[in-house]
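Trainee: Here's a structure for you.
The values are calculated or read from the model by the stated rules, or taken from the named source; none is laboratory data. Here the structure is a predicted model, which is why all the values come from computation and not from measurement. Neighbour counts are summed over all protein chains in view; Cβ atoms, including those assigned to glycine, are modelled from backbone coordinates with ideal geometry.
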Amino acid sequence: MQQGRKQTTRRLSLKLVALVTVVVVVAASAYVVWTQSRQSDAVESKVLAEARTLNTEMSAVWDYIDDSQGAINYNSDGSYDFKGIYCSMAGKAIAQRFTNASNNYVVRYVRESPRTATDEPDRFEQTALNHFTVGGSSEYYEMTEYEGRSVFRYASALPVKRNCLSCHGEPAGVPDETGFLREGMKLGDVAGAVSIIIPVESYVQESQREFESSVAFFCLLAAAIVAVLLLAMRRWVSAPLEQANRQLENESQQKSDFLATMSHELRTPLSSIIAFTDIWEKSHAAEDSDERKLVEEIKQNSSVLLNMVNNTIDVAKLEAGRLSMQCSDVDMVDVVEAVFAVAEPLAIKEGVSLDRTVDPEMPFLHSDAEALRKIMLNLVSNGLKYTPEGGSVQVSVRASADGRQAVMRVADTGCGIRPDNFEAIFKKFDRPGAGEDGPISGSGLGLFLVKSLTEKLGGTVGVESEVGRGSVFTVCVPFDGPATGE
Ligand code: ADP
């Protein structure tokens, strides 16, 4: 029993662990997906901020050179001397130096129909320029691949400002100061774009490290919560429950022991009463007096009581795991005779006819004779008990069609059982239909014992019944005994 309790506790703990594990795995997966999407958003916003800073810096350079054109091109004597250090020239040169000096960063200026071939836009830059031209926002960016590396590409529109017009404005086709032909651009037109490429590997690696450490932290936290939960469960729930269970089992065991002892103490005097009535009957064989009827009554009631006491002892033994099957070769004729020796006088007293048919060809069974006797005695006793005067109880024993089982059938023409009670009648102390036709004495242990013993013999028990017409109980047990381990 203790073993069973331990197994139940282990099964419960296993179920709990499985449930908590499923919850943790689902939560961890959701956390991983959520964190990953957050991490990639975080990488993008970091590099976007960096790109914007670079863009602001480059545009500050550009503006500074533009503002300083006077200081650059006028000599100290006031003469104009164009030095060729104008905004786009300086911006591009600084961008080129920055590109050369930095590790895989690229800053460059592009435009459609550029004055120099190096400013020709690539596919991303062309898309950005188109985007700016149709009046989209002044920024365009994406995470992409560039020369086999993961990068963040950013482009910012360069609008035509007032001081750009001297080189790029009207009249179109006329050379500007630098010698290039003016493009005839207007104020606010998109002159081109600054294009920035930022390698993201280091950001991705850093965010991967952050991701891994936060997942590890989550897992540790989940494991700690699960451990605390299990410990708390064990300490505050299972342990007290187990203790209460043990206490209940002890009490139940004490009750069973008490019942078994009491029943045993009752059995001895009852057996002596039956033995004495037998002796009396034999020594007064010729008499047919009122005294004889009284003695007969004593004998039958004692037999009924003895059967109840025996059932009580057997159930107590069953529950204590002390009822083991002793198998040997059994002749069913002997079993039926033993049952009829007890049941026939009872049938006569109740005014119920009791018949038997045992297949003469029936082979011996390898089974427990005493268990088979108890099964049949309980079924026949019930048949007699629940059949009114004038009815009949028929016992038949034969081999099953496949020859593997012995089939015992006890049919009566009694009060019958409602189909919704078919299950309940086999439960301990359940007497669902017992009071329907007036109180009928009983303990509610008979069919429970029939079912338990049949199962111990490796067999099955079934019932068919119709209220008011009678019942048929059929017990099938294997000829070659219970399977090992029963
Ligand atoms: P008991 O007969 O002591 O009440 P059992 O376990 O033998 O206990 O039977 C359980 C219940 O099943 C009975 O109370 C009765 O309602 C029903 N029952 C059993 N056998 C029969 C039968 N042959 N005919 C009608 N009802 C029966």
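Here's the yes/no breakdown for (1) within 14 Å of Val380 (Cβ to Cβ); (2) among the hydrophobic types (A, V, I, L, M, F, W, C):
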position	(1), (2)
Arg292	no, no
Glu296	no, no
Met308	no, yes
Ala320	no, yes
Val339	yes, yes
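Trainee: Among what's in region 119-131 and is under 56 Å from the mean Cα position of the chain (by Cα) and closer than 11 Å to Ser156 by Cα, pick the residue that is surrounded by the most Cβ atoms within 10 Å (Cβ to Cβ).
Mentor: Result: Ala128.
Trainee: Is there a residue in region 354-371 that is farther than 25 Å from Gly403 by Cα and exposed (fewer than 14 other Cβ atoms within 10 Å of the Cβ)?
Mentor: No, that holds for no residue.
Trainee: Would you check if there is a residue in region 390-410 being farther than 16 Å from Glu455 by Cα, touching a residue at least 60 places away in the same chain (Cβ under 8 Å), β-branched (Val, Ile, Thr) and more than 12 Å from the ligand (Cβ to nearest atom)?
Mentor: Checking region 390-410: at least one residue is farther than 16 Å from Glu455 by Cα, touching a residue at least 60 places away in the same chain (Cβ under 8 Å), β-branched (Val, Ile, Thr) and more than 12 Å from the ligand (Cβ to nearest atom).
Trainee: Can Asp314 be described as of a type in the set (D, E, K, R), touching a residue at least 60 places away in the same chain (Cβ under 8 Å) and part of a helix (DSSP H, G or I)?
Mentor: Answer is yes for this residue.
Trainee: Moving on to the next point. In this structure, is Val342 at pLDDT 95 or above, on the phi < 0 side of the Ramachandran plot and either surrounded by 22 or more Cβ atoms within 10 Å (Cβ to Cβ) or not aromatic (Phe, Trp, Tyr) (or both)?
Mentor: No: the conditions fail for Val342.
Trainee: Going through region 411-429 one residue at a time, which ones are free of Cβ contacts under 8 Å to residues at least 24 places away in the same chain and loosely packed, with under 15 Cβ neighbours inside 10 Å?
Mentor: Asp420, Glu423, Lys427, Phe429
Trainee: Read through the list (1) buried (at least 17 other Cβ atoms within 10 Å of the Cβ); (2) away from the ligand (no atom under 16 Å from the Cβ), then give the number of the only condition that Leu377 fails.
Mentor: Unmet for Leu377, out of (1) buried (at least 17 other Cβ atoms within 10 Å of the Cβ); (2) away from the ligand (no atom under 16 Å from the Cβ): (2).
Trainee: When you look at Leu220, is it in a helix (DSSP H, G or I) and touching a residue at least 24 places away in the same chain (Cβ under 8 Å), yes or no?
Mentor: So Leu220 fails the test.
Trainee: Follow-up. Only one of these conditions is not met by Ala51: (1) within 30 Å of Ala128 (Cβ to Cβ); (2) without any contact (Cβ under 8 Å) to a residue 60 or more places away in the chain. Which number is it?
Mentor: Here Ala51 clears every test but (2).
Trainee: Only one of Thr357, Thr387 is touching a strand residue (DSSP E or B) at 6+ places or on another chain (Cβ under 7 Å) and within 16 Å of the ligand (Cβ to nearest atom). Can you tell me which?
Mentor: Thr387
Trainee: Here's a check for you: in region 73-125, which residue that is outside any loop (DSSP other than H, G, I, E, B), modelled with pLDDT under 90 and of a type in the set (A, V, I, L, M, F, W, C) is farthest from Asp176 (Cα to Cα)?
Mentor: Among residues in region 73-125 that are outside any loop (DSSP other than H, G, I, E, B), modelled with pLDDT under 90 and of a type in the set (A, V, I, L, M, F, W, C), the one farthest from Asp176 (Cα to Cα) is Ala117.
Trainee: Can you tell me which residue among Ala285, Ala260, Ala232, Ala275 is at pLDDT below 80 and more than 22 Å from Gly321 (Cβ to Cβ)?
Mentor: Ala285
Trainee: Please work out which one of (1) within 60 Å of the chain's Cα centre (by Cα); (2) at pLDDT 85 or above is the condition Gly136 fails and give its number.
Mentor: Unmet for Gly136, out of (1) within 60 Å of the chain's Cα centre (by Cα); (2) at pLDDT 85 or above: (2).
Trainee: Restricting to region 438-472, name every residue that is under 18 Å from Ala401 (Cα atoms) and either within 7 Å of the ligand (Cβ to nearest atom) or out of contact with any Pro (no Cβ under 7 Å at 6 or more places or on another chain) (or both).
Mentor: Correct list: Thr460, Val461, Gly462.
Trainee: Among Val24, Val61, which is modelled with pLDDT under 85, over 30 Å from Gln247 (Cβ atoms) and either part of a helix (DSSP H, G or I) or out of contact with any Ser or Thr (no Cβ under 9 Å at 6 or more places or on another chain) (or both)?
Mentor: Val24
Trainee: May I pose another question? Name the residues in region 142-173 that are out of contact with any strand residue (DSSP E or B) (no Cβ under 8 Å at 6 or more places or on another chain) and of a type in the set (Ser, Thr, Tyr), would you?
Mentor: Ser166
Trainee: Against the condition touching a strand residue (DSSP E or B) at 6+ places or on another chain (Cβ under 6 Å), among the acidic types (Asp, Glu) and closer than 21 Å to Pro199 by Cβ, how does Glu125 come out, does it pass?
Mentor: Yes, satisfied.
Trainee: For region 180-199, indicate whether the set of residues that are over 22 Å from Phe132 (Cα atoms), out of contact with any Phe, Trp or Tyr (no Cβ under 8 Å at 6 or more places or on another chain) and either outside any helix (DSSP H, G or I) or among the basic types (Lys, Arg) (or both) is non-empty.
Mentor: yes
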